[in-house]
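A quick write-up on the structure given underneath.
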Amino acid sequence: MIDNSPILPEVAVIGLGKIGLTLAAVFANNGYKVYGADKNKDVVNQVNAGKSHITNEPGLNQLVLQAHDNQMLFATDSNIEAVSKAKIIVVIVPVFVDENHAIDYQFIDAAVQDIGKGIQKDSLVIFETTLPPGDTKERFGKEIERQSGLGMGEDFYLAYSPERVYSNRIIEDLKNYPKVIGGVNEKSLELASDFYKQALNCELMKVSSLETAEFSKVAECVYRDVNIALANELAQFAEQKDIHISEVISASNSQPYSHIHAPGIGVGGHCIPIYPYFFINRGLNEGLTPLSRKINDSMADYALSKIENRIDTLRNKNVLILGLSYRGNVKEPTQSTTLLLIDQLRDKQANVFVNDPHFSNSEIIQFGALPLSLNNKFISEVDAIILQAFHKEYESLTFKDFKKCKLVFDGRNKWKEEEITKLGIQYEGIG
């Protein structure tokens with residue numbers, strides 16, 4: 001029997017982090033031979049053994065193993081090697097902001113230089129990394145031109161399609177979220193659309209330009225940051241009026257045009273606390289966007305001030321933070337509010353302990369806190385508890401063994417106040 005199915009081009013995925021590895025595995029299981037590149041040799045060795053170094057992404061281990069067994073997924077620590085073997089290059093290398101909120105391009109700049117050195121004529125390069133509008137063409141497309149001597153839109157094609165997924169459900173989100181795609185010209189848009197239609201089998205949303213696609217991803221994050229800042233502002237005002245904000249939000253959001261988010265002790269992760277600066281640093285330095293950043297970053301300080309009002313001083317107090325991760329049920333400390341809490345509590349000379357079932361004791365120590373198991377007898381010496389990330393392990397937490405605890409600060413408004421106060425422990429939340 002003759003196989004008339006089309007021969008698909010090889011794909012290079014540059015960056016095998018949580019999203020990059022998932023993309024590579026999905027592509028490989030949809031008929032593409034994939035060469036993944038990552039500078040971490042341990043990651044490369046695991047992928048080449050059919051194993052995922054990402055431990056908390058449902059379904060990923062099986063996809064990586066299947067792709068490996070079918071000889072459709074390979075890994076290398078050389079970007080140039082991967083790019084030279086492929087006709088489609090997908091870039092998912094992170095961009096950060098530093099402590100001064102300046103954009104840090106060091107990793108992606110190095111990767112793009114490698115792409116320029118290894119690229120073949122007529123290849124398609126797609127950036128999925130969240131970027132400030134204009135960077136795909138003006139920073140990276142032109143750098144590939146300089147390194148390769150090829151012309152953008154003529155000798156190689158360039159597209160942008162932002163990742164729009166959520167940790168712990170990336171595979172599901174790749175199927176269900178529309179794939180926004182922009183190209184440097186019509187041919188680039190067409191090639192990228194054909195690729196994603198086959199590689200992801202998801203709905204496509206073509207937009208008019210690279211810059212539109214770039215802008216859309218940052219705008220998503222700004223929207224959420226502004227909405228959370230609004231919720232935090234309303235929560236603080238509700239407290240002044242002795243009103244429970246959670247009840248207000250439920251009532252308000254029963255109107256279909258109201259979508260007030262939940263307030264909280266802070267905003268973390270790779271997206272919301274970082275990507276608004278892609279607009280702020282490019283001229284949007286007044287108005288709601290920078291103000292929302294200030295409000296959300298101030299919530300850790302606000303929480304500690306509420307705790308101090310209840311227990312007088314934090315000096316020499318044993319404070320237990322629940323959750324090193326920035327949010328519940330993931331292992332991800334990036335921009336976590338816990339890091340702000342640790343620094344501020346140490347400045348106030350408190351004894352800082354952290355519990356997080358997703359992290360080892362040695363990992364917690366690296367962030368400047370002492371690990372504390374909830375089975376350790378020392379929990380009876382804890383003076384205050386702060387809930388920062390609501391992991392499933394905390395859903396049924398009882399407080400009877402916290403004999404000296406004076407206050408529980410529910411930074412995610414998840415626990416029932418009456419169950420805590422009946423033990424003689426004060427309860428505080430956000431709003």
In region 101-137, the residues that are more than 20 Å from the chain's Cα centre (by Cα), part of a helix (DSSP H, G or I) and among the β-branched types (Val, Ile, Thr) = VAL112, ILE115, THR136
How about region 20-55: which of its residues are buried (at least 24 other Cβ atoms within 10 Å of the Cβ) and among the hydrophobic types (A, V, I, L, M, F, W, C)?
-> LEU21, LEU23, ALA24, ALA25, PHE27, ALA28, VAL34, ALA37, VAL47
Picked from region 61-100 (must be in a loop (DSSP other than H, G, I, E, B) and over 22 Å from ASN45 (Cα atoms)), the residue nearest to the chain's Cα centre (by Cα) is VAL95
Of the residues in region 204-258 that are touching a Phe, Trp or Tyr at 6+ places or on another chain (Cβ under 8 Å) and of a type in the set (D, E, K, R), the one that is surrounded by the fewest Cβ atoms within 10 Å (Cβ to Cβ) is LYS217
Among residues of region 145-166 being surrounded by 23 or more Cβ atoms within 10 Å (Cβ to Cβ) and among the aliphatic types (A, V, I, L, M), the residue farthest from the chain's Cα centre (by Cα) is LEU158
Out of (1) assigned to a loop (DSSP other than H, G, I, E, B); (2) in contact (Cβ under 8 Å) with a residue 40 or more places away in the chain; (3) closer than 20 Å to ALA111 by Cα, the one LEU150 does not meet is (2)
Residues of region 376-396 being crowded, with 16+ Cβ neighbours inside 10 Å and either out of contact with any Gly (no Cβ under 8 Å at 6 or more places or on another chain) or more than 22 Å from ILE228 (Cβ to Cβ) (or both), in sequence order, are ILE379, GLU381, VAL382, ASP383, ALA384, ILE385, GLU393
Checking ARG315 against (1) within 20 Å of the chain's Cα centre (by Cα); (2) surrounded by fewer than 21 Cβ atoms within 10 Å (Cβ to Cβ), the condition it does not meet | (1)
Filter result (in contact with a helix residue (DSSP H, G or I) (Cβ under 8 Å, 6 or more places away or on another chain) and assigned to a helix (DSSP H, G or I)) within region 295-319 = ILE295, ASN296, ASP297, MET299, ALA300, ASP301, TYR302, ALA303, LEU304
Could you please tell me which pairs satisfy a Cβ distance under 6 Å, a separation of 6+ or placement on different chains, a first residue in region 61-88 that is over 17 Å from ASN29 (Cα atoms) and assigned by TED's automatic domain parsing to the domain that holds LYS51, and a second residue that is part of a helix (DSSP H, G or I) and among the charged types (D, E, K, R)?
-> ASP77/LYS41; ASN79/ASP114; ILE80/ASP114; ILE80/LYS117
Based on what the data block shows, is PRO58 in contact (Cβ under 8 Å) with a residue 24 or more places away in the chain and either crowded, with 19+ Cβ neighbours inside 10 Å or not in a loop (DSSP other than H, G, I, E, B) (or both)?
-> no
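The values are calculated or read from the model by the stated rules, or taken from the named source; none is laboratory data. Bear in mind the structure is a predicted one, so any value in this text is a computation, not a measurement. Virtual Cβ from ideal backbone geometry, glycine too; neighbours counted across all protein chains shown.
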